[in-house]
Every structure is written in C-alpha cells, then in structure tokens.
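Since every read-out is calculated from the coordinates, none of them should be taken as a lab result. Fair warning: this is a prediction, and the values are worked out from it, not measured in the lab. So basically every Cβ, Gly included, is an ideal-geometry build from the backbone, and we count neighbours across all protein chains shown.
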C-alpha cells in the first residue's frame, strides 16, 4: 500500500519524465525547447523534495547553479542553445551532486551518439531544422549545423529519474 508521501513523490517523478519527453520531442521537431518544460521540471522538484533532508535541497540547488554557470559559458560560445541550458539547469535540481555524474555521462554519451548520427548518412532519416534542408558538403560545414541537444539532456534526465524512482 502506498503512503500519500510516496504517491506525491511518484507524481513529481512522473511530471519530470513527462516534461523531459515533451522537451525532447519539441527539440527534435522544432529545435526549440519551450520554457514551460524546464519550468515544470523545476516546479516538480520542491514537490519531490518536500520532507527530504536539507542536504537534498542544497545539493540540488548547488548542482543547478553549477550547471547554469557552465551552460551560460557554453551558450556564450554558441555551443548550447538557451533552451538546452535551462533544461540542463532544471534537471540539475533533481540530480544534485549524488546523481550529477550519471546526468553528465548519460547526456554526453547520448549527445555523442546524436552528433555521430547527424554527421553520418543516417542524417537523411532524422528531423531537419525548421525550414532547413539536409546539410550537404564537407565535414566542416556539417559541423557548423546545430543538433537538437535537448534530446541528449532529456536522456540524461530520464536516467536520473529512473535512478531516483528505483532507490
């Protein structure tokens, strides 16, 4: 039998998962991540963390601040989009420092696989940027094209959510 606290925690994790899937789908189809997905993820965190020890709150906030700082630097260099930074920051709340290595490793692996797919002939089967066409030409020009990195961030977030749900 479930307690009310357990149901509330599961609802928050479900909200996290639903927002991550929606953000990934949006990024895959439009190359945009609406603010509502990062906001839903961030808003679900206090619901999840309610009644948890203070270190869960502090670890989540500090991990989010760290990811926001790193993400802002990457955004300034045009290596990440603004929606990617907001999504990564919101997921960082959930990961805290305990799950941060999982989040970063899963995101990096999924991002690498995504980049390889977009650089390979398989790109013809992947979604194109809105109003764009398949990128042809040399590797240098193909490397300049954006990829929907929100998909990789969502994968990392799903790994964190599953880890939290199992423990």
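Per 0.36 nm of contour for each residue apart, how much would the distance between residue 10 and residue 22 grow if the chain were fully extended, relative to their Cα-Cα spacing?
2.5 nm
Which order results if 36, 78 are arranged by neighbouring Cβ count within 10 Å, fewest first?
Working: 36 13, 78 9.
Taking fewest neighbouring Cβ atoms as first place, the list is 78, 36.
How high is the FRET efficiency between residue 104 and residue 50 when r is their beta carbon distance and R₀ equals 30 Å, given to the nearest 0.05?
0.70
Looking only at 16, 143, 103, which one moves most when the chain is put into a Gaussian network model with springs between Cα atoms under 10 Å?
Of 16, 143, 103, the most mobile in the Gaussian network model is 143.
With angles folded into 0 to 90 degrees, how steeply does helix 54-76 sit against the dominant principal axis of the chain? Use alpha carbons for both and round to 10.
Taking Cα atoms only, the helix is inclined about 20 degrees.
Round to the nearest 10 and give me the degree value, 0 to 90, for the angle of helix 150-166's Cα axis relative to the longest principal axis of the chain.
30
Using only Cα atoms, tell me the angle between helix 100-119 and the longest principal axis of the chain; keep it within 0 to 90° and round to the nearest 10.
For helix 100-119, the angle is close to 20 degrees.
Pairs of alpha-carbon atoms within less than 8 angstrom and 6+ residues apart define the contacts here; what relative contact order does the stretch 4-166 have, in percent?
31
At 7 Å along Cα-to-Cβ for each site, give me the label-to-label distance between residue 162 and residue 61 in nm.
Here the modelled spin labels are 3.1 nm apart.
Per q in 0.12, 0.14, 0.19, 0.21 1/Å, what log10 I(q)/I(0) does a Debye calculation on the alpha-carbon atoms of the stretch 1-70 return?
Taken in order of the listed q values, log10 I(q)/I(0) reads -0.39, -0.52, -0.86, -0.97.
Can you tell which of 11, 97, 149 shows the greatest fluctuation in a Gaussian network model of the chain with Cα springs below 10 Å?
Result for the chain, Cα springs under 10 Å: 11 fluctuates most.
Hey, in the GNM for the chain with a 10 angstrom Cα cutoff, which one of 19, 38, 117 fluctuates hardest?
Comparing 19, 38, 117 in a Gaussian network model of the chain, the most mobile one is 117.
Consider the candidate values (1) 0.98; (2) 1.02; (3) 1.09; state which one is Rg/Rh (Cα atoms, Kirkwood Rh) computed from the structure displayed.
Given (1) 0.98; (2) 1.02; (3) 1.09, the structure-derived one carries the label (2).
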